[in-house]
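First the structure, in the form of structure tokens, and then the observations on it.
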Amino acid sequence: MSFTMSARVDGRLDAALTVAPGETVAVFGPNGAGKSTLLAVAAGLLRPDAGSARLGDRQLFATGDGGRQHRVPPHWFPPHRRGVALLAQEALLFPHLSVLDNVAFAPRSGGKSRAESRKAARHWLGEVDALELAERRPAQLSGGQAQRVAVARALAAEPELLLLDEPMAALDIHAAPQLRRVLKRVLAGRSAVIVTHDVLDALMLADRVVVLERGRVSEEGPVREVLGRPRSAFAAGLAGLNLMTGTVTAAGLLAAGGQLVTGTPDGEAAAGEPGVAAFPPSAVSVFLELPHGSPRNCFPVTVTELEPHAGRIRVRAGELSADITPAASAELGLEPGMRVFFVVKSAEVQVYGA
């Protein structure tokens with residue numbers, strides 16, 4: 001079932017979203033980017049100031065057109081009639097009902113008999129590896145167990161579109177991988193949107209990525225394309241890459257501020273067009289003085305923070321970062337506020353169109 005939506009919520013969101021039949025789309029973005037607002041509009045929990053949405057051949061909402069000659073009246077499907085299920089960060093199970101009756105609630109509300117609803121509930125509990133929890137109450141569940149039950153309850157409603165708002169956010173490091181495996185299985189062939197901060201969710205669960213920044217889509221595309229060749233600073237951060245924006249030149253990229261970055265062009269972006277230069281922190285060396293030698297890029301920077309990262313020290317300098325060994329950090333005597341040079345060989349830099 002395909003889903004298309006264009007919505008504006010003044011001061012919070014102005015974006016379009018498309019989900020193809022059977023496709024899972026991961027939505028990324030910094031805090032306050034409008035991700036939860038996007039889901040709330042799709043689920044029918046928030047009326048946008050302008051926009052429209054369709055799920056299959058049904059129009060879920062339209063704000064109306066004020067044109068004099070072709071006026072379209074406003075239209076709004078309430079949440080319970082949309083064929084959309086929203087799974088929040090917290091499980092939000094009914095505390096007075098058993099796990100089985102929590103999951104059976106959706107089909108029972110849809111008009112099925114008690115026996116049919118419980119049969120459906122057992123099926124979906126089995127799908128999320130939680131059938132043995134059927135007689136427990138929510139207070140007797142761990143966080144991971146409760147979230148798997150919440151997934152079963154959402155699926156028991158037989159939604160045509162499933163919305164997930166950071167489903168792993170409240171889980172510990174042991175429960176999250178199990179829920180991720182469950183979602184990978186139950187989302188197969190299902191239209192879904194998952195808001196997440198974890199790049200692993202996109203790699204394991206999604207077909208396509210949408211990056212929201214300040215309420216607008218700054219980048220979208222297939223998961224490996226966006227993470228392998230990011231065009232926004234946020235996507236580059238997710239992919240673990242440094243990113244510099246500017247104008248493509250014959251030698252590489254003329255970055256903002258006039259810094260020339262030499263690198264390997266992809267052959268698609270022509271000189272004079274907007275472009276980006278990307279390189280991993282592991283390719284960056286740190287020097288106290290300007291080095292000489294083979295062709296390389298040298299960026300004078302100020303260290304802003306030091307932090308451990310995968311057995312190394314990540315040296316952050318504004319928007320750029322370098323990964324060096326603890327021994328190298330100690331030898332250089334690095335500390336925030338120091339002026340140093342980040343150095344990266346041209347062969348380590350990818351240059352492509354923005």
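Observations on the model:
- Restricted to the stretch 136-151, and to residues there that are outside any helix (DSSP H, G or I) and in contact (Cβ under 8 Å) with a residue 40 or more places away in the chain, the residue that is surrounded by the most Cβ atoms within 10 Å (Cβ to Cβ) is Leu141.
- Scan of the stretch 316-346 for residues that are hydrophobic (A, V, I, L, M, F, W, C) and within 24 Å of Thr264 (Cβ to Cβ), ordered by number: Ala317, Leu320, Ala322, Ile324, Phe341, Phe342, Val343, Val344
- Elements of type strands (runs of 3 or more DSSP E) in the stretch 152-260, at least 2 residues being farther than 29 Å from Leu55 by Cβ: 242-248, 252-255
- Subset of the stretch 261-272 that is over 28 Å from the mean Cα position of the chain (by Cα) and part of a loop (DSSP other than H, G, I, E, B) - its residue that is surrounded by the fewest Cβ atoms within 10 Å (Cβ to Cβ): Gly267
- No other residue among Arg118, Arg108, Arg12, Arg114 is closer than 30 Å to Ala235 by Cβ and basic (Lys, Arg) apart from Arg12.
- The single condition from (1) over 27 Å from Leu227 (Cα atoms); (2) part of a strand (DSSP E or B) that Ala330 fails is (2).
- When the stretch 88-102 is filtered for residues that are surrounded by fewer than 20 Cβ atoms within 10 Å (Cβ to Cβ) and of a type in the set (Gly, Ala, Ser), the ones remaining, listed by number, are Ala88, Ser98.
- Any chance Ala255 is assigned by TED's automatic domain parsing to the domain that holds Val301, buried (at least 16 other Cβ atoms within 10 Å of the Cβ) and not acidic (Asp, Glu): yes
- The number of residues in the stretch 81-97 being of a type in the set (D, E, K, R) and over 19 Å from the mean Cα position of the chain (by Cα) comes to 2.
- Being out of contact with any Ser or Thr (no Cβ under 6 Å at 6 or more places or on another chain) and closer than 25 Å to Leu254 by Cβ is a description that does not apply to His309.
- Only a single item in (1) crowded, with 17+ Cβ neighbours inside 10 Å; (2) over 14 Å from the mean Cα position of the chain (by Cα); (3) at pLDDT below 90; (4) not charged (D, E, K, R) is not met by Ser191, and it is number (3).
- Per this entry, Leu164 is not counted among residues that are of a type outside the set (D, E, K, R), touching a Gly at 6+ places or on another chain (Cβ under 7 Å) and either in the same structural domain as Leu55 (by TED's automatic domain parsing) or buried (at least 22 other Cβ atoms within 10 Å of the Cβ) (or both).
- Matching residues in the stretch 206-237 - criterion: being among the aliphatic types (A, V, I, L, M) and surrounded by fewer than 22 Cβ atoms within 10 Å (Cβ to Cβ): Val217, Val223, Leu227, Ala233
- The stretch 92-135, residues that are part of a helix (DSSP H, G or I), within 21 Å of Arg81 (Cβ to Cβ) and of a type in the set (Lys, Arg): Arg108
- Failed item in (1) surrounded by fewer than 16 Cβ atoms within 10 Å (Cβ to Cβ); (2) of a type in the set (A, V, I, L, M, F, W, C); (3) in contact (Cβ under 8 Å) with a residue 12 or more places away in the chain; (4) more than 30 Å from Leu241 (Cβ to Cβ), with Phe105 passing the rest: (1)
The values are calculated or read from the model by the stated rules, or taken from the named source; none is laboratory data. The shown structure was predicted, so the numbers you read here are calculated from the model rather than taken from an experiment. FYI the Cβ positions are ideal-geometry reconstructions off the backbone, even for glycines, and counts take in every protein chain you see.
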